[in-house]
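Laboratory data are not the source of any read-out in this text; all were calculated from the coordinates shown. Source: prediction; values computed, not measured. Neighbour counts are summed over all protein chains in view; Cβ atoms, including those assigned to glycine, are modelled from backbone coordinates with ideal geometry.
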Amino acid sequence: MKILGFMLLVSGWAIVLTAVALLTRDVPRAAFVLAGIGVEIVGFGVLVRAHPVRRGERE
Amino acid sequence: MSSAGSTFSATTSVLCVIFILLVPLAGAGLALINTGLGRSRSAAQLMMSSLCVMSVAAIVYFVFGFAFQGYPGNPAHTMAMGGKSWSWLGDGHLFLHHVAFDGSPKSLAALLGMFGAGLAALIPLGAGSDRWRLGACCISTTLLGGWVYPLFAHWVWGGGWLAQLGANYGLGQGFVDSGGASTIQVMGGVTALSIAWILGPRQGKYAHDGMPGAIPGHNAVLVLFGCLLTLVGWLGLNSAGAIVFNGVDAGVSVLVAINTILPAASAALAAALITNARFGKPDASLTANGWVGGLAASSGACAFMQPLSAVIIGAVAGFLVTFSVEWFELHMSADDPGGSISAHAMGGLWGVLSVGIFAHVPLRGAEGVSGTIVAHPGQWLAQLVGIATLIGFVLPLTYCFNWLLNRVYPQRVSAEGERQGMDLHDLGAGAYPEFLTHSEEFTER
């Protein structure tokens with residue numbers, strides 16, 4: 001789960017970079033940047049799920 | 001956003017040095033806040049850790065950090081992508097060779113960067129307090145201050161690809177960060193999140209049903225005095241950053257100072273009002289976190305916005321910090337005694353984003369900078385690319401570094417050491433020797 005979360009984070013960033021580098025028109029570029037951030041948010045959600053609350057943490 | 005020109009006037013240089021020399025007070029304030037919000041039996045170890053990470057950060061930044069960060073116009077490693085040159089790492093000299101210590105913008109950038117690396121390294125201490133070993137936080141600081149911080153600082157402040165988004169792709173003025181909302185605050189905040197996840201929560205933090213319990217800070221006076229100190233440091237940090245990295249005229253530092261105090265004030269008041277409405281009384285620790293969150297948010301656009309915008313930015317930051325502290329505890333298993341993740345990461349992210357919304361003040365009389373910064377969609381997009389980089393690259397990188405470190409050198413203290421307290425375990429003596437350890441903190445709730 002953690003690896004999947006981090007892969008999604010990095011993939012989202014790659015989408016953002018690719019959009020900036022390869023797209024020239026404003027609207028598609030902005031749409032892909034937002035899509036990349038969306039993928040990052042999903043990845044972050046997966047990461048949160050991969051770190052569940054440790055119930056009953058005691059000495 | 002292009003940086004300053006190759007020279008400053010003597011007055012600007014002197015003012016800038018004075019501003020930079022205020023920055024360590026921000027570090028002192030953060031150390032006091034983190035210590036006050038931790039347990040009494042870890043107070044001396046936390047202050048000692050603060051001193052050590054500042055020292056380690058200064059040395060690694062001196063040895064190779066600034067070489068990696070670089071300075072606009074200096075040699076850098078580049079790669080071609082989409083027909084454009086992307087500068088991704090500085091190619092300077094180790095040990096600050098070839099830096100003339102004469103008040104030039106480059107020398108001022110090196111000095112400010114040294115303190116900035118220390119500040120970024122102090123932030124995770126708040127998230128790891130009461131269980132992060134002294135040696136581990138020093139090694140972790142080596143990775144942060146020597147690699148991660150300079151790398152991202154090059155992209156933003158060293159003429160790297162984020163700063164060049166405007167020139168290369170027409171995205172506003174490129175990624176703008178006047179005082180380190182991204183390079184220092186979010187950098188430290190996401191590292192704090194990594195540390196909180198890797199270390200796990202403190203013993204006794206979570207009950208069997210998964211609900212977090214409150215472990216109050218041991219000294220509210222330290223916390224609130226730390227807040228006052230951070231303000232002084234932030235005044236220097238934001239003013240110096242605006243001059244050194246954004247090339248604004250020294251006179252704009254009046255506006256920067258106003259735009260630093262106002263977000264802190266409105267964020268603290270927002271946090272106090274929210275906690276008063278929710279709990280019947282204002283909460284000192286959350287108000288302090290709100291104050292710091294407001295300061296972190298102010299760093300993004302402090303030189304480029306109107307004071308009214310600063311008030312709004314602070315109020316939003318206070319709201320975000322207050323609720324995110326609870327959310328991180330409840331839903332993310334992130335035991336963050338100092339509220340570092342909320343105050344610095346959330347506040348800083350909001351500060352970065354606010355540049356795209358509120359930044360519209362034209363630069364006046366700037367040295368070496370032409371044009372104005374006006375809020376427009378391209379600027380929005382540049383700021384979003386920076387945020388995507390912080391979450392999609394910096395967070396995985398810091399987590400990976402600290403996870404690897406944890407494999408070879410366990411970062412968390414043993415259960416017995418945590419029960420004793422970090423003071424006794426790491427230092428052999430407590431901060432308050434007349435105090436007794438309260439064993440009831442470990443009884444079942």
> Size of segment B:253-331 along its principal axes in angstrom, Cα-based, largest extent first?
Replying inline: 38, 24, 16
>> Can you give me the C-alpha center-to-center distance between segment B:310-364 and segment B:86-122, rounded to a whole angstrom?
In response: 27 Å
> Under unit Cβ charges (Lys, Arg +1; Asp, Glu -1), what dipole magnitude, rounded to 20 debye, does the protein assembly as shown have relative to its Cα centre?
Replying inline: 620 debye
> Taking other Cβ within 10 Å of each residue's Cβ, how do B:Cys302, B:Cys16 sort, fewest first?
Replying inline: B:Cys16, B:Cys302
>> What Kirkwood Rh does segment B:133-247 have if only Cα atoms enter the pairwise 1/r average? Answer in Å.
In response: 17.2 Å
> For B:His77 and B:Leu21 in the same chain, what is the full-extension length gain: residue separation times 0.36 nm, less their Cα-Cα distance, in nm?
Replying inline: 17.1 nm
>> Quick query: amide H of B:Ala76 versus all other amide H atoms, modeled in the peptide plane; which residues come in under 5 Å with a sequence gap of 5 or more or a different chain?
In response: B:Asp91
> Cα-Cα pairs above 23 Å in segment B:1-100: how many percent?
Replying inline: 51 percent
> Any idea how far apart A:Ala31 and A:Ser11 come out in nm if each label point goes 7 Å out from Cα toward Cβ?
Replying inline: 2.0 nm
> Across segment B:325-338, in residue order, what do the Karplus-derived ³J(HN,Hα) couplings come to in whole Hz, using 6.51 cos²θ - 1.76 cosθ + 1.60 with θ = phi - 60° and x for Gly and Pro?
Replying inline: 4, 5, 5, 4, 5, 6, 10, 10, 6, 9, 7, 10, x, x
>> Modelling each spin label as a point 7 Å along the Cα-to-Cβ direction, I'd like the B:Val232/B:Trp327 distance in nm, to one decimal.
In response: 3.5 nm
>> Of the candidates B:Gly200, B:Gly83, B:Gly428, which one comes out as most mobile in a Gaussian network treatment of chain B with C-alpha springs shorter than 10 Å?
In response: B:Gly83
> How much mean residue ellipticity at 222 nm does chain B get from its helices, if each DSSP H run of length 4 or more adds -39500 (n - 2.57) and you divide by all residues, to the nearest 500 deg cm²/dmol?
Replying inline: -19000 deg cm²/dmol
> Could you give the Stokes-Einstein D for segment B:312-360 in µm² per second, using the C-alpha Kirkwood radius, 10 °C, 1.306 mPa s?
Replying inline: 142 µm²/s
> Seen from all sides and averaged, what is the projected area of the convex hull of the Cα atoms in the protein assembly as shown, in nm²?
Replying inline: 21.5 nm²
> If the viscosity is 0.890 mPa s and the temperature 25 °C, what Stokes-Einstein diffusion coefficient in µm²/s follows for segment B:122-186 when Rh is the Kirkwood radius over Cα pairs?
Replying inline: 184 µm²/s
> Between B:Tyr206 and residues 5 or more places away or on another chain, which pairs have amide H atoms under 5 Å apart, with H built 1.01 Å from N, and which residues are they?
Replying inline: A:Glu57, B:Gly213
> Pick from B:Ser414, B:Ser194, B:Ser182: which residue has the top mean-square fluctuation in a GNM of chain B where Cα pairs under 10 Å get a spring?
Replying inline: B:Ser414
> Once the principal axes of the Cα atoms of chain B are found, what is the range along each, listed largest first in whole angstroms?
Replying inline: 63, 47, 41
> Each residue of segment B:183-188 in turn: what ³J(HN,Hα) in whole Hz from Karplus with 6.51, -1.76, 1.60 and θ = phi - 60°, glycine and Pro shown as x?
Replying inline: 5, 9, 6, 5, 3, x
> Hey, how many Å between the Cα centroid of segment B:172-224 and the Cα centroid of segment B:12-29?
Replying inline: 25 Å
>> Taking θ = phi - 60°, what integer Hz values does the Karplus form 6.51 cos²θ - 1.76 cosθ + 1.60 yield along segment B:141-148, in sequence order, with x for Gly and Pro?
In response: 5, 4, 5, 6, x, x, 10, 5
> Among B:Gly174, B:Gly351, B:Gly290, which one shows the biggest mean-square fluctuation in a GNM of chain B, springs joining Cα atoms closer than 10 Å?
Replying inline: B:Gly174
> Mind checking which lysines have their C-alpha under 28 Å from B:Lys205, skipping anything on the same chain fewer than 8 residues away?
Replying inline: A:Lys2, B:Lys281
> Out of every Cα-Cα pair in segment B:221-282, what percent are more than 18 Å apart?
Replying inline: 48 percent
>> Quick check: convex hull over the Cα atoms of segment B:243-401, volume per residue in Å³, rounded to an integer?
In response: 124 Å³
>> What translational diffusion coefficient, to the nearest whole µm²/s, does segment B:15-68 have by Stokes-Einstein, given a Kirkwood radius computed over alpha-carbon pairs, a temperature of 37 °C and 0.692 mPa s viscosity?
In response: 261 µm²/s
> How many percent of the alpha carbon pairs in segment B:53-151 exceed a separation of 23 Å?
Replying inline: 32 percent
> Which FRET efficiency value, to the nearest 0.05, is calculated for B:Val221 and B:Ala429 with the Förster distance at 30 angstrom and r the Cβ-Cβ distance?
Replying inline: 0.85
>> Quick check on the exposure proxy: order B:Asp209, B:Asp283, B:Asp423 from fewest to most C-beta atoms within 10 angstrom.
In response: B:Asp209, B:Asp283, B:Asp423
> Which net charge results when you count Lys and Arg as +1 and Asp and Glu as -1 among the other residues whose beta-carbon is under 13 Å from that of B:His97?
Replying inline: 0
> How long are the three semi-axes of the equivalent ellipsoid for segment B:187-309, computed from the Cα gyration tensor as the root of 5 times each eigenvalue, in whole Å, largest first?
Replying inline: 32, 18, 12
>> Could you work out the relative contact order of chain B? I mean the mean sequence separation of Cα pairs under 8 Å and 6+ apart, divided by the number of residues, in percent.
In response: 24 percent
>> Run the Debye formula on the Cα coordinates of chain A, all scatterers equal and no solvent, and tell me log10 I(q)/I(0) at q = 0.13, 0.24 1/Å.
In response: -0.42, -0.84
